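Enquirer: For reference, the structure I am asking about is given below.
Any read-out appearing in this document is the output of simple, stated calculations on the displayed coordinates, not a laboratory observation. Just so it is clear, the structure is predicted and the values come from calculations on it, not from any experiment. With ideal geometry, Cβ positions are generated from the backbone for all residues, glycine too; neighbour counts draw on all protein chains shown.
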């Protein structure tokens, strides 16, 4: 399989051949014809090499200058003979696109060209984006120099949630400032590739790219090109056997790269990513270093999940203590993880508080809002509403009948048989085109 690597010229055997090795390797790996080496190249130079790897070994087909280090093109200059003139001692620095001065938007600077349609600018005003006046925004929008409103829901007084902005100007939805995916690491994968033989490196790179299917696809593409160019094809079986031999090494190195990043970033690692790393440890064969990483990550995951559970229970308990039953029921709907459960004591207290709040003295609007939350909460089948609200209309009674399968005590209040609990919703199959309902 053809690919490109960086090689170091180690010595010149004679006038016709040079010895080379992969950049960073310990021993020479092969020879290359002197015709391919650029003239005047000293020993120890690192070049980019186009190589073909087969079962017989690695053959260098071309040598190129290192990326980004090509010789600069000569610049033609015109020499002017005359008396030199000294200009003003001023250094000019051009600002980037993201750091434009305020004067560019209609101030008093020299770069201002378009007339401003607005009055005198104040310190808190936002620079206009167009030539015409902009409509006024909400009063709750954070101004320049004023503290932002963290966590404020959009739509309430015009306040916007603070957070990292996207390049287009929009804020990233559902992602806080510190909840960004950490940068990936390739330390262990590079170390694994450095310890392989040259003919194993292309196969290992395909394993890193996409596993066994990627290796099989690369072999198919290489044989397709070989048939088109009239060259002999490679045999798939030996390469696939090599891929199966290298797969445990590459999988372990890939897992270690993910684990090392999570261990370094600590609490900045998203909880979902940390769970994925700990769960995927069962799919690789860990060495001593990997076992130590897994122990540390598992301990960190346990601590973070325990802290989330304690905050969840504390939120429900404090809401019940302050008489905010609706907030307590809504908080119980969203546990920090699927396996989180309420204690028996807290579940009985939550069900009792919800039943007492659904009393005849409650307004129909508040009663219906509490019913919608109770239907989704984990203690819905033990909630016993004290009664229907006074002045309940037909729409409220219809919603109560629908919820009777979730909250059996509602059936007794309505005087109807207890319906079976509703099952999970199933998607409606699409009707085939051309068929009409009879």
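Enquirer: How would you order 222-231, 289-298 from highest to lowest mean count of nearby Cβ atoms within 10 Å?
Expert: Working: 222-231: 11.5, 289-298: 15.2.
Result, highest mean first: 289-298, 222-231.
Enquirer: Can you tell me, using C-alpha contacts under 8 Å and at least 6 residues apart, the relative contact order of the range 2-64 as a whole percent? Mind showing how you got there, number by number?
Expert: Details: 124 pairs, mean separation 21.7, N = 63.
It rounds to 34 percent for the range 2-64.
Enquirer: Assuming R0 = 60 Å, what is the FRET efficiency of residue 185 and residue 322, from their Cβ-Cβ distance, to the nearest 0.05?
Expert: Numbers: r = 46 Å, r/R0 = 0.77.
After rounding, the FRET efficiency stands at 0.85.
Enquirer: What does the C-alpha gyration tensor say about the overall shape of the range 323-414? Classify as rounded when a/c is under 1.5, otherwise prolate if a/b is larger than b/c, or oblate. Working shown, then result.
Expert: On the way: a/c = 1.94, a/b = 1.76, b/c = 1.10.
Since a/c reaches 1.5 and a/b is larger than b/c, the shape of the range 323-414 is classed as prolate.
Enquirer: What three numbers, in Å, describe the spread of the alpha carbons of the range 234-356 along their principal axes, ordered from the longest?
Expert: 77, 29, 21
Enquirer: Taking the alpha-carbon centroid of each part, what is the distance from the range 211-276 to the range 334-406 in angstrom?
Expert: Spelled out, the Cα-based centre of one part sits 52 Å from the other.
Enquirer: What spacing in nm lies between the two simple spin-label points modelled at residue 50 and residue 381, each 7 Å away from Cα in the Cβ direction?
Expert: 7.0 nm
Enquirer: Would you please classify the overall shape of the range 187-305 from the alpha carbon gyration tensor, given that a ≥ b ≥ c denote the square roots of the eigenvalues, rounded means a/c under 1.5, and beyond that prolate means a/b larger than b/c while oblate covers the rest? Each step should come with its number before you reach the end.
Expert: Working: a/c = 3.25, a/b = 2.69, b/c = 1.21.
Because a/c hits 1.5 or more and a/b exceeds b/c, the range 187-305 counts as prolate.
Enquirer: Using Cα pairs closer than 8 Å and at least 6 residues apart in sequence, work out the relative contact order for the range 323-414, in percent. Mind dumping the intermediate values first?
Expert: Working: 108 pairs, mean separation 27.1, N = 92.
Relative CO of the range 323-414 lands at 29 percent.
Enquirer: A further question on this structure: Given the range 11-50, report the % of alpha carbon pairs whose separation exceeds 17 Å.
Expert: Details: 155 of 780 pairs.
Across the range 11-50, Cα pairs with separations above 17 Å total 20 percent.
Enquirer: If you don't mind, there's one more thing I want to ask. Remind me, relative contact order of the range 187-305 in percent, using alpha carbon pairs under 8 angstrom and six or more residues apart? Write down the numbers at each step before the final one.
Expert: On the way: 83 pairs, mean separation 31.4, N = 119.
Taking the mean separation of contacting Cα pairs over the length of the range 187-305, I get 26 percent.
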